[in-house]
Amino acid sequence: MASGNGTRTVQHASFILLAEFDIDQGSVLSHQYPYPTGVDEQLLAELMIPDGVHDHAEDWTVFFLNQTPGNTITSLFTPGEDEGHEDKHDLLHVLNLVRTKHDKTVRRGAIVKALAICTHHPYIQIFKPILLMALENYYSDPSVECLVRLFDSINAMDMSLSPTLTRDEKFISRVSERKDLFSEKFITATAGKAPEARSTSTKGHKKTGSTDSGSQFSITTGTRKLSLSATQSTSGHGHDRTPSISASKQPSTRSRSPSVSLNSVSEGDEGQRASVAGSAIWVGENEALDGTTKTAVQGNQSASGSDPALRPRKVSMDQTSISSSLSQGTQAMTTEGTKSSSDGHRTSSHPHHHHHHRRPVDTHFFDTSVQYNSLALPIKIPVTNFSEEVGDYSLIQLIQTFTSPTAVVSGPAHPHLHTNGSLTPPLIILFNALITQKRIIFMGYGQPAGKVANYVLAACALGSGCGCQLRGFIERAFPYTNLVNKPVMESVPGYIAGVTNPIYESLPIWDVLCHIDTGKITVHKDIAPVQPAISSFPAPPSLNIKSGQVTSVGDDESRASVQMTAAMMVGGGALGATGVKSEQAGKSDNYDLGFVEELVNGVSQHYGETMIRARVAEYVNRFVRIAAAYEDSVLGSTSIGFSMQSFSETGVSTTMVGMGIPQGLGGSLGSGMVFVDDLTKAREMTSNASRIEGWRSTKSYEYWQKDFQNWLEARPVKGMDIQHQIGRLRYGKNMPDGEVELIMRSMHACVRTYDQIVELLSHLPPQHGGLIPITFGLFHTSRVIRETTVDLVDVIRTQPIGDKFVVNLNQFHRFAYVQILDTRKRQEAEKAAHQEQMTSQLHQQAQIAQQLYAAASVDSIPQTGSLRESRSTASHKSKRETLTQIFGHNGGASNGVSTPSLSRAGSMHRNLSGPTAF
């Protein structure tokens, strides 16, 4: 709903609601502005004034409108500015503030009022400051004018310059706490322009107009100082740069290896770059906290000119830039800014910036303000959030609650929920209930309604992978509800609700009950059993593991085993009650156990929400890819992911036709989920089978099916499953050289434009080493793979976001990259010098041969007597000296010029000068 291009006006607040508690009438909806919503007023009033409000001085509640016919806006009034582009049935997020002020002069000794904002934006937390001020003003001046000022102030908020990031750009930005990613989009937007892309085929990245910008920096390399000033003229699609380099001798100030010091270069337009002596390569530390990039220039100082493929975006170094962390980028959750205590990377405004606009402090947010009562309230709008992320929820709080020592599971076991039998963690049971669309209630007796609502919103993020993967959870969520809203809630299949009234525990309207005060999860004793999966969706074969081998048994035995397990799990009572030992009911090496343990360790080590959300998104993505592999294995095809294929050394895949892969390079790439080995594949297929079956019958599955097909048509990189290739590079064991070479060449052929580079980088998050899976190719024994890896990294560096990924490599990979580049440049320089020398020699020989044949032509003129004899003798002497100069001792003979030598000279002349030389 947010406008990123400023082409239309968007209503940020659709309605302002005010409710009060009357001692005689109860909760009453006093005002609706700008017009009545058409929703039951008593229902709105009860949602705005939650149960037990008198126990809390202040509370926040969240609820949604337009979910069902019972809470859909049905007013006859329609705002004119919304016509034509806003669906009145779009989900409305309602943020409500309720406050209790004690006053002994009134009945019951307290005044309770609630003020709510209805908005289409999911980031409702940005309105909390102005809502606090508005409700305080209403207490002092209880009139509708207070609501009018609030409505007008919010809708006057300027978001026209807010950048709109693509899905892949959000993936990259949200997993990093760096504060300068995609800063060029913010800078261009602040200057009133659309972001520029270096590919004419990239959607959403428009070219800027003509811009002239200059930059100057100096390089100190021990004894020589080079100053380079570059002036760039950008017009249309062309980039012209005229560098001028001046050198001056300087005494060396350090006895150690030459270091490089560059002053910062104005970032300016996106196309602005500079190169020094043809090899400006990042080999230093990562960017410092001030946002400037520490780099080093490693290369041949005698070379001149610039290489367009190696031009860095922003070069700013000091003499300590060579030292860097050896372990950076190689361990999970140890990359830049992963700890919550890190304050990230700040960008600094260049004093000579062309646009003269302040750069964003943090590119995760768009900075704007709201004018209210002559005060400018700063607003930070998140630009990396998805629609399934509502409010400022906390996954850390959810994890801490349902992994605490008091978090236990009670009730009967269910195939969709207990995927690891009795060893299934409570957090995984909650996740399984979410994706299989069970009715879930979060109970918070005596707790603030806002706290219960945050648990519901966090649970929606858990099921959807923080909005990165699945959707359909928010539309069935009721962050806060009560008995008045019970009919509306029950009309939604698989609702996720938050309540504070303990009576819900005794109502048979839920499948899973979660207590937020203890972390206890209760499975209802009357939960609906699942239908036998064999008739509609065949179960995988059981495994017979002997001597480290995995073999499948017959279909009859497999189905009988599955039927027995299902009967045991739904027959009533927890696992173990039927005589089955607990160690057989669950496996200690289950992946979900390791996942929960990893989350607990991350929280205990004070990793922030950024890394926890990234890990949850990876988990959901893994589940979806396993589901696609399961469907493909059992049904023979899948529409929710890539089919399972392995690398083949023979033939060429039809999907790779037209990608520019060399014709002589055989084989076809694999696709689908990457498993470490066959044993892991069999174990994961079996443990996930039940919840996959439950997920296939949900609305979320239908949404993902459509979303995946739409993504296949619109994805930038065609013809290959990039995530599979990166997974093979990261987890593959004993990979054949042919597969590695084909992966590298395919990536180099398919990844060219801005959107393609961004899609590739979105699968290389910093917590998994960034470009490490690709740059390991720099150390491969095959020269072709090393060269192709360098070519791929060069393509990645053509975009500013690629620059930041390259500079974050550890020093071993950076130096390997620089070394291969220097070797290549040195060989090219030597080859060019040799060719130039040979060309010069050939031209010189051709000129001499031309003179020789010109003299021979003079000898052919008829002459008589002694004059002819003297001229002939002189001519032969001159020819002999000339040929000796050209061909050495083989050029002539003692008694005259040999015929082969003349023939060689004539042939050389004809080849160089052409048939018209004479």
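For SER633 and THR781, what does the FRET efficiency come to when R0 = 45 Å and r is the distance between their Cβ atoms, rounded to the nearest 0.05?
Values: r = 35 Å, r/R0 = 0.77.
With a Förster radius of 45 Å, E is 0.80.
What FRET efficiency do you get for SER643 and GLN851 if R0 is 56 Å and r is their Cβ-Cβ distance, rounded to the nearest 0.05? Provide the component values of the computation, followed by the final result.
Details: r = 73 Å, r/R0 = 1.30.
Plugging the Cβ-Cβ distance into 1/(1 + (r/R0)^6) gives 0.15.
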(Q) Through the Karplus equation 6.51 cos²θ - 1.76 cosθ + 1.60, θ set to phi - 60°, convert the phi angles of segment 497-505 into ³J(HN,Hα) values in whole Hz; use x for Gly and Pro. (A) 10, x, 9, 10, 8, x, 5, 5, 5
Q. What are the residues whose amide H is under 5 Å from the amide H of PHE478, where those residues sit 5 or more places off or on another chain and H is modelled from the backbone?
A. ILE496, ALA497, GLY498
Q: When a/c is below 1.5 the answer is rounded, else prolate if a/b is larger than b/c, else oblate, so apply that to segment 724-848 with a ≥ b ≥ c taken from the square roots of the Cα gyration tensor eigenvalues.
A: prolate
Q: Over segment 724-848, give the accessible area per residue in Å² for a 1.4 Å probe, as an integer.
A: 40 Å²
Q) With each pseudo-label sitting 7 Å past Cα toward Cβ, what's the ASP152-TYR731 distance in nm, one decimal? A) 5.9 nm
Q.
For VAL370, what residues show an amide H to amide H distance below 5 Å, using hydrogens built from the backbone and excluding near sequence neighbours?
A. LEU377, ILE379
Q) Ignoring ligands, DNA and RNA, what percent of the 1.4 Å accessible area of segment 724-848 is carbon and sulfur? A) 51 percent
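At 0.36 nm per residue, and after removing the present C-alpha to C-alpha distance, how many nm does the segment from LYS486 to ASP526 gain when stretched out fully?
Numbers: separation 40, 0.36 × 40 = 14.40 nm, distance 1.97 nm.
Using 0.36 nm per residue and subtracting the Cα-Cα distance, I get 12.4 nm.
For the pairs LYS104/LYS451; LYS128/LYS451; LYS101/LYS486; LYS451/LYS525; LYS179/LYS804, flag any whose C-alpha to C-alpha distance is greater than 21 Å.
Details: LYS104/LYS451 29 Å; LYS128/LYS451 15 Å; LYS101/LYS486 29 Å; LYS451/LYS525 27 Å; LYS179/LYS804 12 Å.
As for pairs spanning more than 21 Å Cα to Cα, those are LYS104/LYS451; LYS101/LYS486; LYS451/LYS525.
Using the Cα gyration tensor of segment 394-533, with a ≥ b ≥ c the square roots of its eigenvalues, what is the shape: rounded (a/c below 1.5), prolate (a/b larger than b/c) or oblate (neither)? Present the calculation step by step, with values, prior to reporting the outcome.
Working: a/c = 1.21, a/b = 1.15, b/c = 1.06.
Rounded, because the longest to shortest axis ratio a/c is under 1.5.
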**Q.** Accessible-area value, HIS31, 1.4 Å probe, nucleic acids and ligands omitted, Å²
**A.** 60 Å²
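Ignoring ligands, DNA and RNA, what percent of the 1.4 Å accessible area of segment 12-67 is carbon and sulfur? Intermediate results must be reported in sequence, preceding the final value.
On the way: 860 of 2010 Å².
Answer for segment 12-67 is 43 percent, counting heavy atoms of protein chains only.
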Q.
I need the phi-derived Karplus couplings for segment 793-804: 6.51 cos²θ - 1.76 cosθ + 1.60, θ = phi - 60°, integer Hz, Gly and Pro marked x.
A. 5, 4, 5, 4, 6, 6, 10, x, 5, x, 4, 5
Q) Separation between the LYS706 and HIS843 pseudo-spin-labels, each 7 Å from Cα along Cα→Cβ, expressed in nm? A) 6.9 nm
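Can you tell me the FRET efficiency between ASP51 and SER387 if r is taken as the Cβ-Cβ distance and R0 is 30 Å, rounded to the nearest 0.05? Present the calculation step by step, with values, prior to reporting the outcome.
Numbers: r = 29 Å, r/R0 = 0.97.
The value I calculate is 0.55.
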(Q) Going by amide H atoms built from the backbone, whose H comes under 5 Å of the H on LYS438, apart from near neighbours? (A) none
Q.
Could you work out how much longer the chain between GLN397 and ASN373 gets when fully extended? Use 0.36 nm per residue separation minus the Cα distance between them, nm to one decimal.
A. 5.1 nm
Q: List, in order, the whole-Hz ³J(HN,Hα) value for each residue of segment 32-41 obtained from phi through the Karplus relation with A = 6.51, B = -1.76, C = 1.60 and θ = phi - 60°; use x for Gly and Pro.
A: 9, 10, x, 7, x, 7, x, 7, 3, 5
Q | Spin-label model distance (nm) - GLU505 vs GLU609, 7 Å beyond Cα toward Cβ | A | 3.0 nm
Q) Quick one: length gained pulling LYS718 to THR164 fully straight, 0.36 nm per residue minus the C-alpha distance? A) 197.1 nm
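The values are calculated or read from the model by the stated rules, or taken from the named source; none is laboratory data. Being a predicted model, the structure only gives us computed values, none of them experimental. So basically every Cβ, Gly included, is an ideal-geometry build from the backbone, and we count neighbours across all protein chains shown. Calculation scope for accessible area: heavy atoms of the full protein, side chains included, ligands and nucleic acids excluded. Shrake-Rupley method; radii C 1.70, N 1.55, O 1.52, S 1.80 Å.
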